[in-house]
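For reference, the structure discussed in these notes is given below.
The values are calculated or read from the model by the stated rules, or taken from the named source; none is laboratory data. Computed from a predicted model, the values in this text were never measured in an experiment. Note that we place each Cβ from the backbone using ideal geometry, even for glycine, and neighbour counts take in every protein chain shown. Protein only, heavy atoms only, side chains kept; ligands, DNA and RNA dropped before computing areas. Shrake-Rupley method; radii C 1.70, N 1.55, O 1.52, S 1.80 Å.
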Amino acid sequence: MTISNTDIRKYRKTFRIGSFDTDLNGRAKLTSICNYFQEIAGYHVDLINQGIDDLKANNLAWILSRLKVQIFATPKWKDNIDIETWSIGADGLFGNREYRIYNMKGDVIGQATSSWLVLNTKTKRLIRPQEIVAKMPVNSEDPIFEHSLGKLQQLEQGNYVEDLHIHYSDLDFYQHVNNVKYIKWAIDSCLSEILLNKTIHELEINYLHEAKLDQILEIFNQNSDNTSKIVIKTKNTDIENCRVVIKWK
């Protein structure tokens, strides 16, 4: 992987698609791309002294709340891609960050926007991120999407798919389920005929409630035309852990 950064308002990094990051057709899995997003965001906030360790010193943590990804052309095994990320400032309780994916010709093959919360890890209360975001170099170009991310609608009459048992390998730094695990579970819940014959054009997810080791979740799915709607809940409760909408092509 190579790094090229001359303007710290943006951070850019090259990733090579490994065999472990591809599906059965040799295409990069969306979960792998979302892991790249998480990795490059971490590098950028470290560079500007607002990373995990910097916030941890003040009992604070970045928590991903909302994410929307669009893929125009899926990279394949051995492809090199560039991902670029930048902050677009704060809006209420959310600090917002965007991404673009380029192939080696310089074409945009994907893009994403995300909304993050800042949590006080001692009090478990959210704090407004303006003071933290104010220390970041904000990119002033127009947002990727016309509208900011909102709350996805509640799923009505979803079909039960399966129980999800949370294991050690599902956890992140904060001992909660890693955000990409929810995306994996959501994609895997879709019908095999969709997974085998279509690709993901767009995925949007709301993270609503944390889940921890040894809990049991359950997943529900509803498919119509080229759209899948998914909800993951804590078993035997009304607690929704996340809502997901996938658009296929």
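The table below gives the values:
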quantity: For region 64-69, Karplus couplings with θ = phi - 60° (6.51, -1.76, 1.60), whole Hz, Gly/Pro x; calculated: 6, 10, 9, 8, 9, 10
quantity: Residue order for 15, 72 - accessible surface, 1.4 angstrom probe, largest first; calculated: 72, 15
quantity: Region 109-184-region 57-78 distance, computed between alpha-carbon centres (Å); calculated: 8 Å
quantity: Karplus (6.51, -1.76, 1.60) ³J(HN,Hα), θ = phi - 60°, over region 36-41, in Hz, Gly and Pro reported as x; calculated: 4, 4, 4, 5, 6, 4
quantity: DSSP-assigned coil residues among trypsin sites (Lys or Arg not before Pro) in region 106-189, each with at most 15 further Cβ atoms within 10 Å; calculated: 122, 124, 135, 151
quantity: Two-site FRET efficiency, residue 151 against residue 20, from Cβ-Cβ distance with R₀ of 35 Å, rounded to 0.05; calculated: 0.55
quantity: Extension reserve of the residue 130-residue 91 stretch, reckoned as 0.36 nm per residue once the Cα distance is removed; calculated: 13.2 nm
quantity: Under 5 Å, built H, 5+ apart or other chain: amide partners of residue 76; calculated: 28
quantity: Cα gyration tensor category, rounded, prolate or oblate, for the chain with a/c compared to 1.5; calculated: oblate
quantity: Potential lengthening between residue 78 and residue 174 on full extension [0.36 nm per residue; Cα-Cα distance subtracted]; calculated: 31.3 nm
quantity: Paramagnetic reach from residue 198 (point 7 Å along Cα→Cβ, amide N under 20 Å) across region 162-182; calculated: 162
quantity: Backbone N within region 28-72 under 18 Å of label point (7 Å from residue 120 Cα along the Cβ vector); calculated: 55-63
quantity: Whether region 92-167 is rounded, prolate or oblate, judged on the alpha carbon gyration tensor where a/c under 1.5 counts as rounded; calculated: oblate
quantity: Region 1-139: Cα Rg divided by the 2.2 N^0.38 Å rule of thumb; calculated: 1.09
quantity: Estimated vicinal HN-Hα couplings, Hz - region 174-179 in sequence order (Karplus 6.51, -1.76, 1.60; Gly, Pro = x); calculated: 9, 6, 10, 4, 4, 4
quantity: Percent carbon-and-sulfur accessible area, the chain, ignoring ligands, DNA and RNA, probe 1.4 Å; calculated: 47 percent
quantity: Average accessible area per residue (Å²) across region 1-136 - probe 1.4 Å, nucleic acids and ligands excluded; calculated: 50 Å²
quantity: Selected from 24, 149, 217 as most flexible by GNM, with the chain as the system and alpha-carbon contacts under 10 Å; calculated: 24
